[in-house]
Amino acid sequence: MSAFRTTSAALSAFRATPRASFVKPKFQPHIGDTLWVPSLGIWGATAGMLVTILLSGVPLFQHDVLDKTPVAWFYEVLLIRPQTSFGYLYQAGTKRRLSTTRLDLSFASQQKLRYSSKVAMPFQQAVPDSLLDRNQSWSKAFETDQPDIAQALREGQHPKVLWLGCSDSRVPESVVCNARPGELFVLRNVANQFHLHDDSAVSALTFAVQALGVEHIIVVGHTSCGGVAAAVKQVMREQNEKTSDLLPNTALNRHLTPLIGLARYSYIKLHERHSMDDAELQERLMRLVTEASVRQQIQNIVDHPVVQDNWSEKESPLNGKVNPRVTLHGWIHNLGTSQLLDLNVTVSPPPLQEKSKTDS
């Protein structure tokens with residue numbers, strides 16, 4: 001009875017607060033009604049904490065999983081809001097973190113927020129902390145076991161390879177190659193693309209070749225690439241629906257436009273030579289476009305003046321040296337086997353004598 005009166009008093013106080021100081025998050029499906037939440041300080045948070053304990057009969061820090069009762073509302077919106085002092089105390093005192101500890105409720109007031117006890121929100125919150133923890137362990141072992149390499153890295157970098165790979169989280173180059181820090185200079189983006197108008201990609205190429213003096217450039221695609229899949233699905237949709245609607249002008253679509261063009265060309269070649277259903281066609285098109293894209297990026301890089309000047313043995317404007325001439329390679333990372341496949345499309349610099357004759 002005492003708990004009921006405390007809860008009623010708390011809710012009455014909420015309703016009596018002027019609406020100007022409220023935000024209006026809506027939780028579904030467990031809490032379907034719109035709730036007005038005041039901006040509370042430490043005393044309000046403390047009162048809410050006591051109400052929660054009285055309602056549930058469970059100490060606050062044992063609420064590992066929220067349920068469908070009003071406890072969910074008090075716990076999620078009131079007690080661990082980042083705006084309250086108690087929210088900071090809670091985060092400092094427990095490893096259990098929920099997504100609402102990072103919500104900006106002024107933004108949330110314009111959104112319909114879904115709460116579900118089955119969503120792995122604590123994992124999402126714990127990722128940065130776990131990465132920092134793992135780094136602490138790794139750094140101690142690295143400094144202890146490989147002090148010479150650690151000291152060399154502090155003095156500078158001298159990688160021999162520029163790696164152009166996909167941003168996909170499943171294909172981390174240092175892990176799949178068992179590479180040590182300092183071995184690879186890395187450029188990664190969606191679907192491992194190199195566009196001549198992409199300042200980020202061109203800057204990485206320029207720095208790698210003209211400043212670091214890398215000797216190899218490796219373009220690495222991978223199976224089940226989301227960027228390739230998006231391009232292939234767009235082409236399949238165009239063919240099945242007989243449409244040529246323009247895609248929305250977004251950064252991602254602009255980035256993938258050359259890949260979509262390559263997928264269209266590959267579709268025509270494949271469709272002319274083979275008769276197959278859509279599922280088989282899409283599967284074969286994925287493989288064909290993945291490999292064709294690697295070849296195309298190699299050609300794009302070869303055509304760039306940075307590589308052409310390097311092959312001509314021109315002095316680098318960045319380090320004042322004649323750097324080693326680069327060789328380009330094309331690989332595929334097979335996620336099914338975790339192995340790297342050499343496509344045998346290596347492009348080596350032309351002999352200097354032949355180059356001189358061409359120039360003359």
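The values are calculated or read from the model by the stated rules, or taken from the named source; none is laboratory data. Here the structure is a predicted model, which is why all the values come from computation and not from measurement. Here the Cβ is made from the backbone with ideal geometry for all residues, glycine too, and neighbour counts use every protein chain on show.
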Do we find a residue being buried (at least 18 other Cβ atoms within 10 Å of the Cβ), in the same structural domain as N323 (by TED's automatic domain parsing) and modelled with pLDDT under 95 anywhere in the stretch 235-244?
yes
Any hit, the stretch 183-199, residues being part of a helix (DSSP H, G or I) and assigned by TED's automatic domain parsing to the domain that holds N300:
yes
With respect to Q193, determine if the residue is in contact (Cβ under 8 Å) with a residue 60 or more places away in the chain, surrounded by 16 or more Cβ atoms within 10 Å (Cβ to Cβ) and within 22 Å of the chain's Cα centre (by Cα).
yes
All conditions in (1) part of a loop (DSSP other than H, G, I, E, B); (2) basic (K, R); (3) touching a residue at least 40 places away in the same chain (Cβ under 8 Å) are true of R295 except (1)
Considering each residue of the stretch 159-188, count those that are touching a helix residue (DSSP H, G or I) at 6+ places or on another chain (Cβ under 8 Å) and of a type in the set (S, T, N, Q), and give that number.
0
Do we have V228 as in contact (Cβ under 8 Å) with a residue 40 or more places away in the chain, more than 27 Å from V306 (Cβ to Cβ) and out of contact with any strand residue (DSSP E or B) (no Cβ under 7 Å at 6 or more places or on another chain) here?
no
Per-region count, the stretch 300-353, residues modelled with pLDDT under 95 and part of a loop (DSSP other than H, G, I, E, B):
1
Cβ contacts < 8 Å: first residue outside the structural domain of R295 (by TED's automatic domain parsing) and at negative phi, restricted to the stretch 340-353; second residue of a type in the set (A, V, I, L, M, F, W, C) and in a loop (DSSP other than H, G, I, E, B), any location; separation 6+ or different chain. Result?
none
